[in-house]
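Structure first, then comments.
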Amino acid sequence: MPDAKAQCHISSAVIAAVPAKLDGVLAALAQMETVEVYGHQGGKIVVVIEGTSSGMLGECLSRISGLDGVVAASMVFEHVDAGHG
């Protein structure tokens, strides 16, 4: 059985933000170490979140949902890489 410490959970999420607050949301996302903004357009933001567990990804998505200007944040995909060797 793979060691849980070797696992890397990767998720993509779509965030809907109030267009007038988009710059603030993007700035807040840039401060989150486990989040990378893949692209954005017209208030929609696509991000990649990395962590060591599904729970960690969920916590991060919850923090994103609570940002000022965020209307919704939805996880779209999750992949678990158990590592090699």
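Residue count for region 20-56, restricted to those that are small (Gly, Ala, Ser) and in contact with a Cys (Cβ under 9 Å, 6 or more places away or on another chain): 1. Within region 41-74, the residues that satisfy the criterion of being touching a strand residue (DSSP E or B) at 6+ places or on another chain (Cβ under 7 Å), within 14 Å of Val14 (Cα to Cα) and either part of a strand (DSSP E or B) or charged (D, E, K, R) (or both) are Lys44, Ile45, Val46, Val47, Val48, Ile49, Val70, Val71, Ala72, Ala73, Ser74.
Between Asp68, Asp23, which is more than 9 Å from the chain's Cα centre (by Cα), touching a residue at least 40 places away in the same chain (Cβ under 8 Å) and surrounded by fewer than 12 Cβ atoms within 10 Å (Cβ to Cβ)?
Working: Asp23 fails: touching a residue at least 40 places away in the same chain (Cβ under 8 Å).
Step by step, each of Asp68, Asp23 is checked, and only Asp68 is more than 9 Å from the chain's Cα centre (by Cα), touching a residue at least 40 places away in the same chain (Cβ under 8 Å) and surrounded by fewer than 12 Cβ atoms within 10 Å (Cβ to Cβ).
Here are some conditions: (1) modelled with pLDDT of 95 or more; (2) surrounded by 12 or more Cβ atoms within 10 Å (Cβ to Cβ). Cys8 meets all but one. Which one does it not meet? The one condition Cys8 does not meet is (1).
The values are calculated or read from the model by the stated rules, or taken from the named source; none is laboratory data. Only a predicted model underlies this, so the values are computations on that prediction, with no experimental measurement involved. We place every Cβ from the backbone using ideal geometry, glycine too, and count neighbours over all the protein chains shown.
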